[in-house]
1. From the list GLU336, GLU361, GLU355, GLU342, exactly one residue is within 24 Å of LEU214 (Cβ to Cβ) and acidic (Asp, Glu). Which is it?
2. Could you list, in sequence order, all residues of segment 355-367 that are surrounded by fewer than 21 Cβ atoms within 10 Å (Cβ to Cβ) and not basic (Lys, Arg)?
3. May I ask you to list the residues in segment 412-421 that are surrounded by 10 or more Cβ atoms within 10 Å (Cβ to Cβ) and over 14 Å from ALA402 (Cα atoms)?
4. Need pairs with beta-carbon distance below 7 Å; first residue farther than 22 Å from LEU214 by Cβ and within segment 369-394, second surrounded by fewer than 22 Cβ atoms within 10 Å (Cβ to Cβ) and aliphatic (A, V, I, L, M); sequence gap 6+ or separate chains.
5. Being of a type in the set (A, V, I, L, M), surrounded by fewer than 17 Cβ atoms within 10 Å (Cβ to Cβ) and without any contact (Cβ under 8 Å) to a residue 12 or more places away in the chain, is that true of even one residue in segment 41-56?
6. Looking at segment 27-95, what strands (runs of 3 or more DSSP E) fall wholly within it and have at least 3 residues that are under 33 Å from the mean Cα position of the chain (by Cα) and at pLDDT 85 or above?
7. Check whether at least one residue in segment 47-59 is over 18 Å from LEU11 (Cα atoms) and either of a type in the set (Ser, Thr, Tyr) or in the same structural domain as LYS234 (by TED's automatic domain parsing) (or both), and report yes or no.
8. So GLN20 fits all but one of (1) over 26 Å from VAL112 (Cβ atoms); (2) in contact (Cβ under 8 Å) with a residue 24 or more places away in the chain; what number is the exception?
Amino acid sequence: MVIINLTGMILKMRYCILEQVGSGGEGNLYLARDMELGNYWAVKELPIEKKREARLLRLLEHPSIPRMVDYVENGEHCYLVMEYIRGKSLGQLCKEGHTFSAEELLSYGDTVLSVLEYLHGQKPPIYYGDLKPDNLMLSDSGKLYLVDFGSAVFGFGENQRVCMGTEGFAAPEQYEGKVNCSSDLYAFGKTLQALAGKHWLSVLWKVPGLIWFLYKCIQPQEKGRFKSAAQARKLLFDLGKRKGLARKNLAVAVGTAGILLAAGVLLARSERPVIFEKALAEVTEGYYEILETEADLPQETDPERETGRSTENEVSELLLTKCEQVEKGLQKLQKEYTKDEEQRKILLLLAANAELQREWERAAVYYEQLLLYAPEYAEGYGKYGLFLLRRGQRSAGRRLLALYRCSRIDGTDCKSVKIWETQMENLAGAEK
């Protein structure tokens, strides 16, 4: 292989190559000086048959994607003239031993998801295909960029195609020649995990729910992941917001505890649980009576009734209507009562209510929201695990149990966890 030194080469009578600053699987990257304007640009050299990256980049305009300002063809190669990012990749920083904080992970994660949301929202959508720390450049000013679109593809349906990626970051379906928005979210989760380093569990636990968020990203099955980058970004934002509120609340509590005690405000706040329980009772009024009525119905109904409808069907319709009313009421309470204990109780009721309506996917979403909001809540794992068993989703139950045990949550006093673990162990024994 002949290595050609491009130093001193002038492209288009304007861009003077100064030095090579990087290399990749498809081409080299050079630093060039614009002899007309005096600016510095990055010039990427590619084989002429790879010029599709240029066609793709010229369509994109996002603050975290380097701008392409010019294009040159010269013999067997083409050259992409792009915005020059002076800095280091996150992959390089990892190799140098840099440890990323939870705050950095939240910030960088939001930036990357905003880019993915933009790419997936194009018509046709663009799938990046090779997200990893090496392709995230952090400029000297602290701004993050997504670089190297050599593996990006346009999404035309679900046809199989040759998909590139990096082992350890590429989603399982990419090895079958498939790629979609879910594939990028899988790689995003793997990237966050890599940035968190060897002790990623301890880093992610600093932000309530971040472990569950990551677990959701890297599900091997596409249907188990987030539906879109927009959904993932919103949840990540909520996690960061909750962390900020927790800090703020802690500072306020420490700084004003004496004043609150002196004024007797703590006594007034003790009434809040009573107010919440009262509001909850108002939302569910008549709900449990209908459940008991349906449970007491005989299995057979009178076919001779003039209305032509069975008592069982009448009550079922009544229950369905009440379930819908209860769900709306509980969702309203979610916005008004934001304490951890209140949110946990509301989400458990929402999940059970959705299951009564046979809305299995919605029930699963509520359980996942519960674990996202309160990842240390043993009861949430137990209830969700039993739900998965009822639905016959054994593999999902095993993954959830592995996550629960990895999290080292104390569930010794939790009845639902004990039942769930026992049933899982019985199933495992029966499968052997």
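1. Being within 24 Å of LEU214 (Cβ to Cβ) and acidic (Asp, Glu) holds for just one of GLU336, GLU361, GLU355, GLU342, which is GLU361.
2. GLU355, LEU356, GLN357, GLU359, TRP360, GLU361, ALA364, VAL365
3. CYS414, LYS415, SER416, LYS418, ILE419
4. Taking only residues 6 or more apart or on different chains, the pairs are LEU386/ILE419; ARG394/LEU427.
5. Checking segment 41-56: not a single residue is of a type in the set (A, V, I, L, M), surrounded by fewer than 17 Cβ atoms within 10 Å (Cβ to Cβ) and without any contact (Cβ under 8 Å) to a residue 12 or more places away in the chain.
6. 77-83, 87-89
7. Looking for residues that are over 18 Å from LEU11 (Cα atoms) and either of a type in the set (Ser, Thr, Tyr) or in the same structural domain as LYS234 (by TED's automatic domain parsing) (or both), one finds none in segment 47-59, hence no.
8. (2)
The values are calculated or read from the model by the stated rules, or taken from the named source; none is laboratory data. Bear in mind the structure is a predicted one, so any value in this text is a computation, not a measurement. We place every Cβ from the backbone using ideal geometry, glycine too, and count neighbours over all the protein chains shown.
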